[in-house]
1. Output the residue which, of all residues in segment A:59-84 that are open to solvent by less than 20 Å² (accessible area, probe 1.4 Å) and more than 9 Å from DNA strand C (Cβ to nearest atom), is nearest to the other protein chains (Cβ to nearest Cβ).
2. Scan segment A:100-116 and tell me whether some residue there is in contact with a Leu (Cβ under 9 Å, 6 or more places away or on another chain), within 16 Å of DNA strand D (Cβ to nearest atom), open to solvent by 30 Å² or more (accessible area, probe 1.4 Å) and more than 14 Å from chain B (Cβ to nearest Cβ).
3. Check segment B:69-78 and report whether any residue there is farther than 25 Å from B:Arg46 by Cβ, of a type outside the set (A, V, I, L, M, F, W, C) and more than 16 Å from DNA strand D (Cβ to nearest atom).
4. Is there a residue in segment A:129-148 that is within 22 Å of A:Arg108 (Cβ to Cβ), open to solvent by 40 Å² or more (accessible area, probe 1.4 Å), under 19 Å from the mean Cα position of the chain (by Cα) and among the acidic types (Asp, Glu)?
5. Please specify each residue of segment B:149-168 satisfying the condition of being more than 13 Å from every other protein chain (Cβ to nearest Cβ) and crowded, with 16+ Cβ neighbours inside 10 Å.
6. Looking at A:Val171, A:Val205, can you tell me which residue is crowded, with 18+ Cβ neighbours inside 10 Å and in contact with an Asp or Glu (Cβ under 9 Å, 6 or more places away or on another chain)?
7. So B:Arg180 passes all but one of these: (1) open to solvent by 20 Å² or more (accessible area, probe 1.4 Å); (2) farther than 17 Å from B:Ser86 by Cα; (3) within 15 Å of the chain's Cα centre (by Cα); (4) more than 10 Å from chain A (Cβ to nearest Cβ). Which condition number does it fail?
8. I'm trying to understand the selection: among the residues of segment A:189-210, which are at the interface with chain B (Cβ under 10 Å from one of its Cβ atoms), without any contact (Cβ under 8 Å) to a residue 60 or more places away in the chain and in a loop (DSSP other than H, G, I, E, B)?
2 protein chains.
Amino acid sequence: MHSAEETEEPGGYQPWSEVTPDAARRLLVAAVDAFAERGYHATTTRDIASRAGMSPAALYIHYRTKEELLHRISRIGHDKALEILSTAADGPGGAAERLAAAVRSFVRWHAAHHTTARVVQYELEALGPEHRAEIVALRRESDAAVRRILAEGVEAGDFDVPDVPGTTLAVLSLCIDVARWFNTAGRRSPEEVGELYADLVLRMVGARQK
Amino acid sequence: MHSAEETEEPGGYQPWSEVTPDAARRLLVAAVDAFAERGYHATTTRDIASRAGMSPAALYIHYRTKEELLHRISRIGHDKALEILSTAADGPGGAAERLAAAVRSFVRWHAAHHTTARVVQYELEALGPEHRAEIVALRRESDAAVRRILAEGVEAGDFDVPDVPGTTLAVLSLCIDVARWFNTAGRRSPEEVGELYADLVLRMVGARQK
DNA sequence: CCGGAGGGTGAGCAAGCGCTTAGGCGTGCT
DNA sequence: AGCACGCCTAAGCGCTTGCTCACCCTCCGG
């Protein structure tokens, strides 16, 4: 089984561990929940603070603005997403295995942490110009990681992909959009969705059957 | 060539023609632009009115609330999307041809009208409960249309799809997400993206090569 | 020539927003 | 003991928000 969720996270595993002090982390987790539920603009600082069990003013001890809170969430989430993708891209095995591993773990993350992922992937436009630019650069790296696997697979003759940049876009788009629909529909586990999507993507790139 | 866009629409073709009177339509078009650019919650009624060249109060002559404006947009957009899908699903030809036609036209619409599509697909949660329920029902019909094509293709032996509901979800997700990234990236035409995606989807369902 | 209806405006209200300020309370170093 | 420091709160400021209200055009049938 894969555990109930009070806010989102299963049992022992603790993300956001890089955020200190404790009160700052509680505020950040509260903000993730609120942003995911209502969207950035519809969320008030009072709502975030009260979810964290604090007064509205407490937020400004740890963060300068509401936007900085979103930026911190977005930054940490994109770092994690990029780490997942490039770990798989630089892993062992042929292009097909690496692509399947990348999609599997990327999708699994988006499904298991769909609350976080929703904020990370769909609230970009609420960031200020400089913060947005920083995040967009990270996303280009994610794109490059996937494109590299596709290009290598094509060169090795493992894949049949007429349009590498376009297919890269489609693969990432497919994975990212999991955050939008997951758990609003059926009762698939993140692992099942990851498995399904890995298979679908291998078909998209025309991977040779082993 | 496919024409510059002042707000969004190419030359002669006029959507929103079902919206009358004229001032109501201008307000609605202004709202689509504003919602797509900044999101529903970040858009003010003053912004919508001034884009339509009117005073803030004019909005309330034609719509009771800001939410009603979003609902009208969402309703018209979903009607159109469903019409596109079910026309293709009920069209002539085998499952593969109908699936390709559905994806091609559905994606083309999302790309060409990505401004509208963005609002229609990504601002659902800003709707009130009853309005949201109405829209969700329409989306289930879209899902059913695609699922029907897949099921028929599998039965006829044209497709190889282990998980029909899951693959249906993935296909729709892939198409819808076009509205998010289109035109923020490269200079592909809606037709090119539609063609690419139709091919990718045929691969996803393991369609027999003709 | 009039009167009323539909479409529009300027001013503004009550509420809620992001954020600040002045101050309090506990804890650990000197 | 004294006190600086980190963390937190109550109160509230200035502004913007969705929306309303009293009033004014312009057109058109009788």
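1. Once the filter is applied, the top-ranked residue is A:Leu70.
2. Of the residues in segment A:100-116, the ones in contact with a Leu (Cβ under 9 Å, 6 or more places away or on another chain) are A:100, A:102-103, A:105-107.
From the residues that got through so far, the ones that are within 16 Å of DNA strand D (Cβ to nearest atom) too are none.
Checked segment A:100-116: no residue is in contact with a Leu (Cβ under 9 Å, 6 or more places away or on another chain), within 16 Å of DNA strand D (Cβ to nearest atom), open to solvent by 30 Å² or more (accessible area, probe 1.4 Å) and more than 14 Å from chain B (Cβ to nearest Cβ).
3. First pass over segment B:69-78, keeping only residues farther than 25 Å from B:Arg46 by Cβ: B:78.
Remaining after also requiring of a type outside the set (A, V, I, L, M, F, W, C): B:78.
Next cut, more than 16 Å from DNA strand D (Cβ to nearest atom) only: B:78.
Checked against the condition, which is being farther than 25 Å from B:Arg46 by Cβ, of a type outside the set (A, V, I, L, M, F, W, C) and more than 16 Å from DNA strand D (Cβ to nearest atom), segment B:69-78 yields at least one hit.
4. yes
5. Filtering segment B:149-168 down to residues more than 13 Å from every other protein chain (Cβ to nearest Cβ) leaves B:149, B:151-158.
Residues satisfying the conditions are B:Ile149, B:Ala151, B:Glu152, B:Gly153, B:Val154, B:Asp158.
6. Numbers: A:Val171 fails: in contact with an Asp or Glu (Cβ under 9 Å, 6 or more places away or on another chain).
One residue alone meets the criteria, A:Val205.
7. The one condition B:Arg180 does not meet is (4).
8. Answer for segment A:189-210, where residues must be at the interface with chain B (Cβ under 10 Å from one of its Cβ atoms), without any contact (Cβ under 8 Å) to a residue 60 or more places away in the chain and in a loop (DSSP other than H, G, I, E, B): just A:Gly206.
The values are calculated or read from the model by the stated rules, or taken from the named source; none is laboratory data. The shown structure was predicted, so the numbers you read here are calculated from the model rather than taken from an experiment. Because the Cβ atoms are built from the backbone with ideal geometry, glycine has one as well, and the counts that use them run over all protein chains shown. Quick note on the areas: whole protein, heavy atoms, side chains included, nothing else; ligands and nucleic acids left out. Shrake-Rupley method; radii C 1.70, N 1.55, O 1.52, S 1.80 Å.
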